Amino acid sequence: MTAPDLDPAGPPATRDRLVEAISAHGPITARQLAERFGLTSAAVRRHLAALEAEDVIAEHEMPVVSRGRGRPSKAFVLSKAAHEDLPGGYDELAVMAVEELARRGGEAAVSQLAERRVADWEAALAEVVAAREAAGEQVTLARKVELLAELLTSRGYATTVRPLHVPLPTPGARDGASPRTLVTAQLCHGHCPVLDVAADHPELCEAETRVISRIIGAPVQRLATLAQGAHCCTTHIPLTEGRTS
């Protein structure tokens with residue numbers, strides 16, 4: 001059965017789903033979007049062309065990894081304008097900022113505000129984990145990161161988890177021994193609900209990184225942020241060290 005070939009001016013729901021996927025999983029190619037939603041590549045490209053013309057998405061060149069040469073794959077991320085249009089927590093943040101800045105003033109007030117904004121992340125995730133464990137689920141560290149991504153998505157971050165397996169050098173290893181690998185993950189925010197504020201006040205990003213580190217129980221590293229012009233906020237999270245099969 002052939003996948004549907006949709007009019008780009010057709011059902012808004014289709015375009016909304018594409019924008020949502022690009023926000024959470026970008027950079028992502030037309031082919032990957034077609035496979036995800038069961039559409040033809042031609043239909044997806046027409047939708048993408050329309051979204052790009054409206055400045056909802058932007059091209060992001062992906063280098064070819066499998067070989068040294070080759071034409072970069074065309075992938076898409078949300079445009080800066082789209083980030084500004086997505087719903088955020090600006091009203092609440094403004095009220096908090098006024099209260100805190102009035103009480104304390106200066107940079108110290110911004111830092112205090114940043115900490116207050118993320119103060120309930122730990123408690124909220126702890127409740128989710130406790131409920132899962134009460135239902136019989138064994139919540140591993142990797143699963144906790146997934147639950148954290150779900151929590152942050154519900155708060156407007158469009159967060160996904162991208163697992164990584166990094167091979168480690170093993171000097172003097174015996175022939176045939178399984179190589180050691182470092183199992184890590186990248187927590188990626190495709191949208192930031194406080195982007196405009198974070199662009200001028202990195203204290204907000206720093207507070208998020210600190211609370212994620214406390215949740216994980218290990219140092220984490222913020223590799224990139226939307227506020228600095230990256231296509232997403234990326235936090236590197238160490239999980240476990242293991243061996244490949």
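The values are calculated or read from the model by the stated rules, or taken from the named source; none is laboratory data. Model, not experiment: these values are computed from the prediction. Heads up, the Cβs are rebuilt from the backbone with ideal geometry, glycines too, and the neighbour counts pull from every protein chain shown. Calculation scope for accessible area: heavy atoms of the full protein, side chains included, ligands and nucleic acids excluded. Shrake-Rupley method; radii C 1.70, N 1.55, O 1.52, S 1.80 Å.
This table checks each residue for (1) in a helix (DSSP H, G or I); (2) modelled with pLDDT under 80; (3) over 18 Å from ALA224 (Cβ atoms); (4) within 16 Å of the chain's Cα centre (by Cα).
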| site | (1), (2), (3), (4) |
| --- | --- |
| LEU152 | yes, no, no, yes |
| GLY156 | no, no, yes, yes |
| HIS165 | no, yes, yes, no |
| ASP175 | no, yes, yes, no |
| THR184 | no, no, no, yes |
Enumeration of residues in the stretch 130-139 that are more than 20 Å from PRO163 (Cα to Cα) and either among the aliphatic types (A, V, I, L, M) or not in a helix (DSSP H, G or I) (or both): ALA130, ALA131, ALA134, ALA135, GLY136, GLU137
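Checking the condition under 21 Å from LEU78 (Cα atoms), open to solvent by less than 60 Å² (accessible area, probe 1.4 Å) and among the aliphatic types (A, V, I, L, M), which residue from VAL197, VAL129 passes?
So the residue among VAL197, VAL129 that is under 21 Å from LEU78 (Cα atoms), open to solvent by less than 60 Å² (accessible area, probe 1.4 Å) and among the aliphatic types (A, V, I, L, M) is VAL197.
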Leading residue by the ranking (modelled with the lowest pLDDT) among those in the stretch 110-126 that are assigned to a helix (DSSP H, G or I) and of a type in the set (A, V, I, L, M): VAL110
Residue check, GLU107 under 22 Å from HIS231 (Cα atoms), of a type in the set (Asp, Glu), loosely packed, with under 12 Cβ neighbours inside 10 Å and modelled with pLDDT under 85: no
Criterion violated by ALA142 - all others in (1) in a helix (DSSP H, G or I); (2) of a type in the set (Gly, Ala, Ser); (3) without any contact (Cβ under 8 Å) to a residue 40 or more places away in the chain satisfied: (3)
Residue within the stretch 76-99 that is charged (D, E, K, R), more than 21 Å from ALA199 (Cβ to Cβ), surrounded by 14 or more Cβ atoms within 10 Å (Cβ to Cβ) and at pLDDT 65 or above present: no
